[in-house]
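S.K.: This is the structure I have questions about; it appears just below.
A short reminder: the numbers here are calculations on the coordinates, not readings from a lab. The shown structure was predicted, so the numbers you read here are calculated from the model rather than taken from an experiment. Neighbour counts run over all protein chains shown; Cβ positions are idealised from the backbone, glycine included.
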């Protein structure tokens, strides 16, 4: 009886050891034996690059693994997998490219870099014949990258709606359930640790926009960068907006929306607050949770739901990629790369089409409704419903439109503001998820 030689260990290095990196390292060390069985070869964490060694003293990770020389670590020449969890554009881009050029596959959670310059990373991975995996970059523990890249590769994805930022969802959910204003809800999110001290990337929609670019590229097989994504945050959402949504049976969510037209020639990618019906599956996503709702031709409607951030949940997504990439190294293959064969046009926001909820402060006198309706008609924006709220100095018209171009709605709002009997347009919000 003969026995095969033991498989060479899969050597893994990591860039960064913050909240996510710490959890990844602990799981790799604790579960090395079990992960090795799943991979088909022993797995070995051989190095972790950090900026400051003194910050590693409180971590339950062997001190000899740490180094401050990230470049030397990723170019040592014997690595199979490099995990990048430092974030940002540089030095992450330089280090990932160096790792690929040195023969290592890469697992990254870096949504900002992928959304800004993913094509450079993909091209380097293809040239090196190595993997580039990034499940953790979009929605934490939620598996959405692989379903779009692999499971739905034979289907035609038509639309992706996502709640992909836990901070903003927590804030809007708090405004919905308690009636709080934005500032109070943000304070509560910061107190509970759901929002950073500087929440700009979250509340202004930058984080969600990067994820939308990645989702759109995967769904529609075209190259989409963050510069292609129309972005609006939630800082202007008021308690009155949330109350108005409730009055029409809806809730307000910050949505990442990726759509392709029926001909497959134009894509719309946008991030903004929107009203969605309370009956829509995304409306029930509470707190800091994330969810991605996919509509495809053959599979129909699918929803992926779970924790979108946090050390352990995100580490789960990273480790899933590590196991897959390590298996590829054992088998001498590599997985799917970037698919950009479609290369369809990405629409400007003015050409995107949706429905709108418009609140108009008006004088309470005859002829107002006719003048307002005329402003909508001039710009070919069809009114679905209109109702008056309040009387006298508090009179307000609330208009819900049928689907219209964003540019047409903007022109309508501009004309409304010029009308003598209109005191102001107090709110304009898109309405999504309506058949």
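S.K.: Cα centroids of the range 60-94 and the range 161-192: how far apart, whole angstrom?
M.R.: 35 Å
S.K.: Turning to a different aspect of this structure: What angle, in degrees between 0 and 90 and rounded to the nearest 10, separates the Cα long axis of helix 92-101 from the longest principal axis of the Cα atoms of the chain?
M.R.: Taking the Cα atoms of the chain, the angle to 92-101 is about 40 degrees.
S.K.: Which residue fluctuates the most in the chain, going by a Gaussian network model with Cα springs under 10 Å, if the choices are 370, 185, 139?
M.R.: Highest fluctuation among the options: 370.
S.K.: Any idea how far the Cα center of the range 326-343 sits from the one of the range 203-233, in Å?
M.R.: Measuring centre to centre over Cα atoms gives 23 Å.
S.K.: Rounded, prolate or oblate for the chain? Axes are the square roots of the Cα gyration tensor eigenvalues, ordered a ≥ b ≥ c, and the cut-off for rounded is a/c under 1.5.
M.R.: It comes out prolate by the Cα gyration axes.
S.K.: Measure nothing but the geometry: give the 0 to 90° angle between the long axis through the Cα atoms of 406-418 and the longest principal axis through the Cα atoms of the chain, rounded to 10°.
M.R.: Orientation of helix 406-418: about 40 degrees from the principal axis.
S.K.: Specify the residue with the greatest mean-square fluctuation among 54, 84, 345, computed from a Gaussian network of the chain linking alpha-carbon atoms under 10 Å apart.
M.R.: Looking only at 54, 84, 345, the biggest GNM fluctuation is shown by 54.
S.K.: Under 10 Å, Cα contacts only: if you run a Gaussian network model on the chain, which one of 317, 112, 180 comes out with the highest mean-square fluctuation?
M.R.: Largest GNM mean-square fluctuation: 180.
S.K.: For the range 145-307, what does the alpha-carbon gyration tensor say about shape, rounded, prolate or oblate, given a ≥ b ≥ c as the root eigenvalues, a/c under 1.5 as rounded, and a/b over b/c as prolate?
M.R.: Prolate, because a/c is 1.5 or more and a/b exceeds b/c.
S.K.: Let me ask you something else. Rounded, prolate or oblate for the range 14-119? Axes are the square roots of the Cα gyration tensor eigenvalues, ordered a ≥ b ≥ c, and the cut-off for rounded is a/c under 1.5.
M.R.: Oblate is the answer for the range 14-119, as a/c is 1.5 or above yet b/c matches or exceeds a/b.
S.K.: What FRET efficiency do you get for residue 46 and residue 89 if R0 is 30 Å and r is their Cβ-Cβ distance, rounded to the nearest 0.05?
M.R.: 0.70
S.K.: What is the extension gain from residue 197 to residue 240, computed as 0.36 nm multiplied by their sequence separation minus the C-alpha to C-alpha distance, in nm to one decimal?
M.R.: Separation in residues times 0.36 nm, less the Cα-Cα distance, equals 12.9 nm.
S.K.: Provide the FRET efficiency to the nearest 0.05 for the residue 153-residue 388 pair, computing r from the beta carbons and using R0 = 51 Å.
M.R.: The calculated FRET efficiency here is 0.50.
S.K.: Label residue 407 and residue 102 with points 7 Å out from Cα along Cα→Cβ: what is the distance between them in nm?
M.R.: 5.0 nm
S.K.: Suppose only helical runs count, i.e. DSSP H with n ≥ 4. What mean residue ellipticity at 222 nm does that imply for the chain under -39500 (n - 2.57) per run, divided by all residues and rounded to the nearest 500 deg cm²/dmol?
M.R.: -10500 deg cm²/dmol
S.K.: Indicate, rounded to the nearest 5 percent, the antiparallel portion of the DSSP beta bridges found entirely in the chain.
M.R.: Of those bridges, close to 70 percent are antiparallel.
S.K.: Moving to a separate point now. For an R0 of 60 angstrom, estimate the FRET efficiency from the Cβ-Cβ distance between residue 330 and residue 365 and round to the nearest 0.05.
M.R.: According to the calculation, E is roughly 0.15.
S.K.: Another question, if that's okay. Report for the range 145-307 the percent antiparallel among DSSP-assigned beta bridges with both residues inside it, nearest 5.
M.R.: Close to 95 percent.
S.K.: So what's the angle, to the nearest 10 degrees on a 0 to 90 scale, between helix 182-191 and the longest Cα principal axis of the chain?
M.R.: The angle comes out at about 20 degrees.
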